Amino acid sequence: MKELSGSELAKKRAAEKACELVKDGMAVGLGTGSTAAYAIRLLGRRVREEGLDIVGVPTSYASEELAIECGIPLVSLAERPELDIDIDGADQVDASLNLIKGGGAAHTREKVVACSSRLFVVVIDDKKMKDMLSRPVPIEVLPYARRLVERKVAELGGKCAWRVSGGKDGPVISDNGNIIGDCDFGPIESPALLSQKLSAMPGLVEHGIFTNADIVYIGYEDRVERLERNKNGIQPC
């Protein structure tokens, strides 16, 4: 077996800790991205080797294909509208457990699944943890509203760049058939306020600021740290 690099080992460690929360009978949101993929593979192994009795709801075609490959039974949100737990990655996490997601253009479905879950658990390696969010914010936009959204984002002090693919002419298209952009606002002092303003834009289907993480597992090469949101604020556990 190929030895994992430091960052990959950190991702796997975080995913392992999150998967310990999954028990028999649960409906589980299956996130998208390299760290969430470790969780899907680990859950699949438990299904095969331990008889773990779960069903999964994938957040993208990619996570659906991986879950099928790993032998995880799948259902739709129409069948299980309320999930027990959602395990997903993030592109960046701040000290208040706000997230930026959407590097894989799956943030719309990821947010729907996260908000459908009783417990939203995020798994990252330590390089994703920052004092303040500063990455460009992914957005999914109706093609018809592209110019309007560009103008509205500029009014907020941001700048839109529309994603294009090296393998095709034209823009990157989401699993929902919409275009994907990235909005650079620099350091984001108030993610919740920016989230509200982006959500109010006509034609902007969804953005990549998440403010509802319950637990974040931060993987390092040699350990995992857990941060949890509760009524007393962010607590290390």
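The values are calculated or read from the model by the stated rules, or taken from the named source; none is laboratory data. All values derive from a computational prediction rather than experimental measurement. Using ideal geometry, Cβ is built from the backbone for each residue, glycine included, and neighbour counts are taken over all protein chains shown. Calculation scope for accessible area: heavy atoms of the full protein, side chains included, ligands and nucleic acids excluded. Shrake-Rupley method; radii C 1.70, N 1.55, O 1.52, S 1.80 Å.
At 0.36 nm per residue, and after removing the present C-alpha to C-alpha distance, how many nm does the segment from Y144 to E189 gain when stretched out fully?
Taking 0.36 nm per residue and subtracting the Cα distance, the gain is 13.2 nm.
Probe radius 1.4 Å, ligands and nucleic acids ignored: give me the carbon and sulfur share of the accessible area of the stretch 136-237 as a rounded percent.
Ligands and nucleic acids excluded, carbon and sulfur reach 50 percent.
Using the Cα centre of the chain as the reference point, and only Cβ charges (+1 on K/R, -1 on D/E), how large is the resulting charge dipole? Debye, rounded to the nearest 20.
It works out to roughly 480 debye.
By the gyration tensor of its Cα atoms, with a ≥ b ≥ c the square roots of the eigenvalues, what is the shape of the stretch 61-148: rounded for a/c under 1.5, prolate for a/b over b/c, or oblate?
oblate
Once the principal axes of the Cα atoms of the chain are found, what is the range along each, listed largest first in whole angstroms?
Largest to smallest, the principal-axis extents are 53, 37, 36 Å.
May I ask you to list the aspartates and glutamates whose Cα is less than 20 Å away from that of K130, ignoring any residue fewer than eight positions away on the same chain?
Candidates past the 8-residue exclusion: E8, D88, D91, D94, D182, D184, E189, D214, E221, D222, E225, E228.
In sequence order, what are the phi-derived ³J(HN,Hα) couplings for the stretch 180-186 according to the Karplus relation 6.51 cos²θ - 1.76 cosθ + 1.60 with θ = phi - 60°, rounded to whole Hz, with x for glycine and proline?
10, x, 10, 10, 8, 10, x
Given S190, A39, G158, which one lies farthest toward the positive end of the charge dipole of the chain, if we put +1 on the Cβ of every Lys and Arg and -1 on the Cβ of every Asp and Glu?
After comparing all options, I get G158.
Between D24 and V172, what is the FRET efficiency for a Förster distance of 35 Å, r being their Cβ-Cβ separation, to the nearest 0.05?
For R0 = 35 Å, the calculated efficiency reads 0.35.
Report, ordered by chain and residue number, the lysines lying within cross-link reach of K17, taken as a straight Cα distance under 16 Å and ignoring same-chain residues fewer than 8 apart.
Leaving aside lysines fewer than 8 places away in the same chain, none come within reach of K17.
Can you compute the modelled spin-label distance between N230 and W162, with each label point 7 Å from Cα toward Cβ, in nm?
Placing both labels 7 Å beyond Cα along the Cβ direction yields 4.8 nm.
Using helices alone, what [θ] at 222 nm do you get for the chain, with -39,500 (n - 2.57) per DSSP H run of 4 or more residues, divided over all residues and rounded to the nearest 500?
Result for the chain, helices only: -9000 deg cm²/dmol.
Under the rule a/c < 1.5 gives rounded, and otherwise a/b versus b/c splits prolate from oblate, where does the stretch 1-138 land using the Cα gyration tensor?
Oblate.
Helix by helix, which DSSP H runs in the chain go 18 Å or more along their axis at the Cα atoms and have an average Kyte-Doolittle hydropathy of -1.0 or more? Let's see the in-between values first.
Details: long enough: 6-19 (20 Å, -0.78); 34-50 (24 Å, -0.38).
Those that clear 18 Å and a mean of -1.0 are 6-19, 34-50.
Which whole-number value in Å² is the accessible area per residue of the chain, probe 1.4 Å? Before the final figure, lay out each step's value.
Working: 11500 Å² over 237 residues.
Computed with neighbouring chains in place, this is 49 Å² per residue.
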